[in-house]
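K.L.:
If you scroll down you'll find the structure; I have some questions about it.
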Amino acid sequence: MKTITLTYIFALLLVCCINAKAILSAESYKEDPIDTAALLDEGNVSADDISNYLNFQNLKRNIPYYGDKHLDVYYNKSNVDTKKKVVIYVYGGSWVTGDKIKYTKVGALLQRNGYVAVLPDYHLYPNGTVEDMVTDIYNAINWTYNNIENFGGDPAQIIISGHSAGSHITALTIVKSTLKLKNNGITLQPLPYIQKAVLLNGPYDGANNELIAHALGTSVENVFRDLLQLTRKNKSKSKL
């Protein structure tokens, strides 16, 4: 009788510990600080974007996932025990612009409809090549597979979605890893199981003149915007 009682108590304590781990694990992930002033200077997000991002409650922000890259996880903080479908969303922006903060409403909509949403950032040109972008998304998918259970997500039900340049990078990541092709000199291994890929408005037939002109035009626009901001800053300093 004593042995049975001790076994029962041990089993009860084990269950309690597992439940406590499930509750605490999501909160234990590191959130890197966000420089909102720098984000506004870069011009990829607005003050409203930042406000929406900081005010949404069911969100773990700016988790490091690979090198200096970060991702956000939108999840139901009050229920991580029931495993939910997961959506990884890769935003677009002509390979030269974009920020995960700008897409808070996408993550929030998915979370409110019963999903766990993962929004990663990735290198943008000219700070990174397309191969750098593929490396980032490849690692974001693997991070999600290995960690999403802690946020109430089901790693067996991962959907990946992208828009525009995000669709192109996602498709390239899936193809390269499936065929075990090299990326940045490293042979990519097949990704974990992905239930669905929902790719929107992406270019899949190689670069064409219209696509190149669009990307270069966006890049030039960003350069002139940065020069204008720098000129304004220098004028402000000269008045002091």
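This table checks each residue for (1) touching an Asp or Glu at 6+ places or on another chain (Cβ under 8 Å); (2) of a type outside the set (Lys, Arg).
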site	(1), (2)
30	no, no
46	no, yes
83	yes, no
104	yes, yes
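K.L.:
Assess whether residue 117 counts as being closer than 25 Å to residue 193 by Cβ and aliphatic (A, V, I, L, M).
P.N.:
Answer is yes for this residue.
K.L.:
Scan region 77-90 for residues that are assigned to a strand (DSSP E or B) and in contact with a Phe, Trp or Tyr (Cβ under 7 Å, 6 or more places away or on another chain) and jot them down.
P.N.:
Listed by number, the residues that qualify are 84, 85, 86, 87, 89.
K.L.:
Looking only at residues that are charged (D, E, K, R) and over 14 Å from the mean Cα position of the chain (by Cα) in region 53-95, which one is surrounded by the most Cβ atoms within 10 Å (Cβ to Cβ)?
P.N.:
84
K.L.:
Picking from 107, 93, which residue would you name as being outside any strand (DSSP E or B), at pLDDT 95 or above and not acidic (Asp, Glu)?
P.N.:
Sole residue among the options that is outside any strand (DSSP E or B), at pLDDT 95 or above and not acidic (Asp, Glu): 107.
K.L.:
Looking for something surrounded by 19 or more Cβ atoms within 10 Å (Cβ to Cβ), part of a loop (DSSP other than H, G, I, E, B) and not hydroxyl-bearing (Ser, Thr, Tyr) - is there at least one such residue anywhere in region 132-150?
P.N.:
no
K.L.:
Out of (1) modelled with pLDDT of 95 or more; (2) surrounded by fewer than 20 Cβ atoms within 10 Å (Cβ to Cβ); (3) closer than 24 Å to residue 116 by Cβ, the odd one out for residue 202 is which?
P.N.:
(1)
K.L.:
Going by the structure shown, is residue 60 of a type in the set (D, E, K, R), under 22 Å from residue 151 (Cα atoms) and in a strand (DSSP E or B)?
P.N.:
yes
K.L.:
Residues of region 169-205 being in contact (Cβ under 8 Å) with a residue 60 or more places away in the chain and in contact with a Leu (Cβ under 7 Å, 6 or more places away or on another chain), which ones?
P.N.:
170
K.L.:
Follow-up. State all residues of region 29-47 that are without any contact (Cβ under 8 Å) to a residue 12 or more places away in the chain and farther than 15 Å from residue 98 by Cα; if no residue qualifies, say none.
P.N.:
35, 37
K.L.:
What is the residue count in region 96-107 for residues that are in contact (Cβ under 8 Å) with a residue 40 or more places away in the chain and surrounded by fewer than 19 Cβ atoms within 10 Å (Cβ to Cβ)?
P.N.:
1
The values are calculated or read from the model by the stated rules, or taken from the named source; none is laboratory data. Every value quoted in this text rests on a predicted model; they were computed, and no experiment measured them. Using ideal geometry, Cβ is built from the backbone for each residue, glycine included, and neighbour counts are taken over all protein chains shown.
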